[in-house]
Amino acid sequence: GAWDGSRPPAPSTAHLEPPSLHEGEAVLATWHLLLDDARGQDGERFLAGTAQRPVARVGAALAATIGVRTGGEVTVSTKSGEITLPVVLTTMPDGVVWLPTHSPGSHVRSSLRVDAAAVVTVTAAHPAVVAEGGTK
């Protein structure tokens with residue numbers, strides 16, 4: 001039972017191909033914000049009040065594809081649920097949407113039932129209504 005000095009094999013360094021995305025789909029990026037919906041803020045309304053406003057971040061190409069810009073809202077959805085947040089255009093890879101993992105209005109794991117690297121659907125939350133005659 002003594003340690004023989006050997007190490008486990010190194011993780012694979014094989015190149016992974018990005019998923020094939022259809023129009024309106026993106027790869028989900030997510031992580032926790034420093035101040036989010038965590039229980040450590042219970043009863044600390046002043047601390048919670050300093051938290052960043054939850055937003056969805058997308059790149060210019062994805063924003064153009066779905067017809068949204070900073071100040072609008074996007075809905076990120078899976079078969080299990082959806083999250084709608086204000087959108088901020090951010091310099092990031094094409095085909096990626098970022099959401100805070102566990103912030104007010106953005107509980108990724110419990111709402112969408114996925115995590116980072118999942119393929120999700122991204123749409124403008126309030127698409128423009130086209131009136132009869134074809135004008136907006």
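Quick look at the values:
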item	result
Percentage, to the nearest whole number, of Cα pairs in segment 10-76 over 13 Å apart	75
Calculated FRET efficiency for the pair residue 39/residue 92, C-beta based, R₀ 22 Å, to 0.05	0.15
Rel. contact order, % - alpha carbon contacts under 8 angstrom, at least six apart, the chain	32
Gain upon complete extension [residue 50, residue 73; 0.36 nm per residue less C-alpha separation]	6.1 nm
Antiparallel %, DSSP beta bridges [both residues in the chain], to 5	70
Dipole magnitude of the chain, debye to nearest 20 (Cβ charges: Lys/Arg +1, Asp/Glu -1, about Cα centre)	180
Carbon + sulfur, % of accessible area of the chain - ligands and nucleic acids excluded, 1.4 Å	56
Stokes-Einstein D in µm²/s, Kirkwood radius over Cα pairs - the chain at 4 °C with 1.567 mPa s viscosity	76
Over the chain: helical MRE at 222 nm, DSSP H runs n ≥ 4 each giving -39500 (n - 2.57), nearest 500	-2000 deg cm²/dmol
Kirkwood-type radius of segment 1-45, with distances r between different C-alpha atoms, in Å	16.8
Dipole-positive endmost among 95, 9, 105 within the chain (Cβ charges, Cα centre)	105
Centre separation in Å (Cα based) which lies between segment 70-130 and segment 15-48	9
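The values are calculated or read from the model by the stated rules, or taken from the named source; none is laboratory data. Note that the structure is predicted; figures quoted are calculated from it, not measured. A quick note on method: Cβ atoms are made from the backbone with ideal geometry, for glycine too, and the neighbour counts reach across all protein chains shown. When the accessible area is computed, the model is the full protein with side chains, heavy atoms only, and any ligands, DNA or RNA have been set aside. Shrake-Rupley method; radii C 1.70, N 1.55, O 1.52, S 1.80 Å.
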